[in-house]
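Colleague: One structure follows; several queries about it will come next.
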Amino acid sequence: MAYDEELAFRIRALMATECGVDEKSMFGGLAFLIKGNMAVAASGKGGILVRVPPEETDSLLEYPHTAPMVMSGRETRGWLRVGDDGVATDRQLSRWVAIGADFARKLPPK
């Protein structure tokens, strides 16, 4: 499944005022990176992948439509998958994009 281009457009609009943003094909979707660090991605499996502070992973998983990101059969702390229903409104999406951008902005540039 290809990523949702409308969702990518919505993310792009939210990231438009951010400095140092690049787009890159990653994880079967379209990732948005800040100074080389992924903040959020329109996932090829639907919904988004979002980078979060690892210590906040468990508390953020309490939000509806969230799940741990699983790579190679293992849950990856600091990364969440948010399903389509969790980003259906602009308010929902903007919250997740802000969380991902805030964390990526604090990381050292790559």
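Colleague: Can you work out the Karplus-derived ³J(HN,Hα) for every residue in the range 3-8? Use 6.51 cos²θ - 1.76 cosθ + 1.60 with θ = phi - 60°, whole Hz, and x for glycine or proline.
Modeller: 5, 6, 5, 5, 5, 4
Colleague: Would you mind putting 67-78, 41-52, 2-13 in packing order, based on average other-beta-carbon counts within 10 Å, highest first?
Modeller: 41-52, 2-13, 67-78
Colleague: Now, a different point. For the chain, evaluate the Debye formula with one uniform point scatterer on each Cα (no solvent term) and list log10 I(q)/I(0) at q = 0.10, 0.12, 0.17, 0.22 Å⁻¹, rounded to two decimals.
Modeller: Values returned for q = 0.10, 0.12, 0.17, 0.22 Å⁻¹ are -0.23, -0.34, -0.72, -1.27.
Colleague: Continuing with the same structure: How many percent of the accessible area of the chain is carbon or sulfur, using a 1.4 Å probe?
Modeller: 52
Colleague: Then there is this: Per residue, how many Å² of accessible area does the range 1-59 show with a 1.4 Å probe?
Modeller: Per residue, the range 1-59 has an accessible area of 51 Å².
Colleague: Go through 89-95, 34-40 and give me the packing order, highest mean Cβ count within 10 Å leading. Before the final figure, lay out the partial values.
Modeller: On the way: 89-95: 13.9, 34-40: 22.0.
Highest-to-lowest ranking by the protection proxy: 34-40, 89-95.
Colleague: What 222 nm value per residue comes from the helices of the chain, counting each DSSP H run with n ≥ 4 as -39,500 (n - 2.57) and dividing by all residues, nearest 500 deg cm²/dmol?
Modeller: On the way: 3 runs with 32 residues, N = 110.
Dividing the helical sum by the residues of the chain leaves -8500 deg cm²/dmol.
The values are calculated or read from the model by the stated rules, or taken from the named source; none is laboratory data. Keep in mind that this is a model prediction, so the values were computed, not measured. FYI the Cβ positions are ideal-geometry reconstructions off the backbone, even for glycines, and counts take in every protein chain you see. We work out accessible area using only protein heavy atoms, side chains counted, and drop any ligands, DNA or RNA first. Shrake-Rupley method; radii C 1.70, N 1.55, O 1.52, S 1.80 Å.
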